Amino acid sequence: MVRMNVLADALKTLYNAEKRGKRQVIIRPSSKVIVKFLQEMQQNGYIGEFEIVDDHRAQKIVVELNGRLNKCGVISPRFDVEYGELEKWVVNLLPSRQFGKILISTTYGIMTHDEARRKKTGGKILGFFY
């Protein structure tokens with residue numbers, strides 16, 4: 001069977017393992033977008049360390065879970081978000097202003113909604129986590 005959305009599969013695997021109380025999870029296949037998404041989650045303290053394992057195919061990622069992830073998901077299709085519309089998406093997707101992030105793919109790279117607001121830029125919405 002063909003994988004339609006690799007990022008959605010990875011986040012669903014991560015979320016399911018977190019719900020089951022696992023300490024680590026293997027995500028496969030890997031991609032640049034998944035690695036950037038995981039780096040943002042790690043910087044915000046939602047996951048622990050992760051390691052990319054090269055198996056001479058599509059690579060695997062081993063992620064250490066720390067029990068802080070409540071929900072993560074992908075927004076499909078990747079809607080265009082203007083600078084002025086960011087607040088609407090934050091209100092719709094996140095449970096509170098205090099925690100949670102929305103990831104946006106901008107011309108400056110993949111960043112959280114806070115960074116996009118600081119740089120006054122929009123982009124395509126990738127997903128969220130809290």
Practice prompt. Hey, could you check segment 33-63 for residues that are basic (Lys, Arg) and closer than 14 Å to residue 10 by Cα and say which is most open to solvent (accessible area, probe 1.4 Å)?
Written response: 36
Worksheet item: Since residue 62 meets every condition but one in (1) at pLDDT below 95; (2) in contact with a strand residue (DSSP E or B) (Cβ under 8 Å, 6 or more places away or on another chain); (3) closer than 25 Å to residue 20 by Cβ, which condition does it not meet?
Response: (1)
Worksheet item: Yes or no: residue 69 open to solvent by less than 80 Å² (accessible area, probe 1.4 Å) and over 23 Å from residue 109 (Cα atoms)?
Response: yes
Worksheet entry | Subset of segment 16-32 (residues that are in contact with a strand residue (DSSP E or B) (Cβ under 7 Å, 6 or more places away or on another chain) and either under 19 Å from residue 125 (Cα atoms) or open to solvent by 60 Å² or more (accessible area, probe 1.4 Å) (or both)) | 22, 23, 24, 26, 28
Worksheet item: With respect to the numbered conditions (1) open to solvent by 50 Å² or more (accessible area, probe 1.4 Å); (2) at pLDDT 95 or above, which one is the sole condition not fulfilled by residue 74?
Response: (1)
Practice prompt. Restricting attention to segment 37-52, report how many residues are assigned to a strand (DSSP E or B) and under 13 Å from the mean Cα position of the chain (by Cα).
Written response: 1
Worksheet item: Which of the residues spanning segment 102-122 are open to solvent by less than 70 Å² (accessible area, probe 1.4 Å) and at positive phi?
Response: 109
Fill in: Inter-residue pairs, beta-carbon under 8 Å, first among the hydroxyl-bearing types (Ser, Thr, Tyr) and in segment 94-108, second assigned to a loop (DSSP other than H, G, I, E, B) and exposed (fewer than 15 other Cβ atoms within 10 Å of the Cβ), 6+ apart
106/119; 108/119
Worksheet item: Restricting segment 77-101 to residues that are of a type in the set (D, E, K, R) and open to solvent by 70 Å² or more (accessible area, probe 1.4 Å), which is nearest to the chain's Cα centre (by Cα)?
Response: 78
Practice prompt. For residue 55, state whether it is of a type outside the set (A, V, I, L, M), without any contact (Cβ under 8 Å) to a residue 40 or more places away in the chain and assigned to a loop (DSSP other than H, G, I, E, B).
Written response: yes
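The values are calculated or read from the model by the stated rules, or taken from the named source; none is laboratory data. Model, not experiment: these values are computed from the prediction. Ideal geometry is used to build each Cβ from the backbone, glycine not excepted, and the neighbour counts take in all protein chains shown. These area figures cover heavy atoms from the full protein model, side chains too; ligands, DNA and RNA do not enter into them. Shrake-Rupley method; radii C 1.70, N 1.55, O 1.52, S 1.80 Å.
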